[in-house]
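Have a look at the structure below before the remarks.
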Amino acid sequence: MTAYRFRVKFDPDPTSLWRDIVVGADRTIAEFQSAINPAFGLDQGHLWFIGGDEDYWDCAVKYQCPQEYEESLGGDPVLRTERIENAGDVTIGEMTRQLGLEQYDRICYLYDYGDEWRFYGILKEVLSDEPSDTEPIVVKEKGDLINDQYEPSRVDESGPPLPDPLYSVLPETAVPVADLRELEEHEDIVHVIPLLSIETGFGAVCERFAIQFEETGYILENFQPGWQIVEEVDGANKTEEEFLAALADAVREWHAEIAEMSGAMTGQHFGEETVEAMHVELEAELERKGYGHLL
């Protein structure tokens, strides 16, 4: 009884285009891949492989599509610099053990060796109560399907529009914390939670915050050249408190992902203590609002 939830992200635009896919441990890597492409709007007519971390062509282990694996059996193994496995034979559970995957570790997926569509998957959750034969299914998503697979331009540089009233309120730079708190006076905004505040000579400004509308919540990060939505939380059929708890969980996941991305970029390891330190403002805001029991 084990399944895995991977967040598969489009490498060139990971904050705007991703899919959460749950797949059972006994399903093969090829079955997992068969759910990825249609989820993003890609065809299935090209070669592909899945590997560890974000190493792509430099992966020490490559799980090749069955077609390529069968065609490469005649090659000289002495000339290979990596281990080759058949994605049609290896299960997801076997892959996680072979690669030593733990929560928030990554795999990479490269599709079409000509155009090189690159994705990476983050192991977000191990579901010990789900059947091991669970078919791969998309359970959460962000971003539209890719409808220009054979066009040269793939990334929407404009980014997703911000929900009202944020689109007209937020500047392209950090926003004063006091201005964020005033947003709670809008009748359609339930909670605003500053997550990364910096003291300046003009007062505290915020570089990251969460906002809860009546049915949708967002986590926003101040990237260059401006604010971007990095997580979206569905609040339908939830009480206000259940919705806030789900939004807080999404913040914690985002903080863990930031630590993972920072570690990959710098070569350093940021452990649980670093992630816990990132939760300080979240916990203080929940206490201030009377929701300390959600910590």
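Annotations
- Segments classed as strands (runs of 3 or more DSSP E), wholly inside the stretch 1-55, with at least 2 members that are touching a residue at least 40 places away in the same chain (Cβ under 8 Å), out of contact with any Ser or Thr (no Cβ under 9 Å at 6 or more places or on another chain) and buried (at least 23 other Cβ atoms within 10 Å of the Cβ): 3-10, 48-52
- Of the residues making up the stretch 144-157, just one is surrounded by 14 or more Cβ atoms within 10 Å (Cβ to Cβ) and modelled with pLDDT of 90 or more, namely ILE146.
- Options GLU54, GLU68, GLU82: the member that is closer than 24 Å to TRP18 by Cβ and not hydroxyl-bearing (Ser, Thr, Tyr): GLU54
- Out of ARG27, ARG106, sole residue that is closer than 23 Å to SER262 by Cα and out of contact with any Lys or Arg (no Cβ under 9 Å at 6 or more places or on another chain): ARG106
- Unique residue being surrounded by fewer than 17 Cβ atoms within 10 Å (Cβ to Cβ) and in contact (Cβ under 8 Å) with a residue 60 or more places away in the chain when the list is TYR113, TYR109, TYR104: TYR113
- Flag if LYS238 is over 14 Å from the mean Cα position of the chain (by Cα), under 23 Å from ARG7 (Cβ atoms) and at pLDDT 90 or above: yes
The values are calculated or read from the model by the stated rules, or taken from the named source; none is laboratory data. Just so we're clear, the structure is a prediction, and the values are computed from it rather than from any experiment. All Cβ positions, glycine included, derive from the backbone under ideal geometry; neighbour counts span all protein chains shown.
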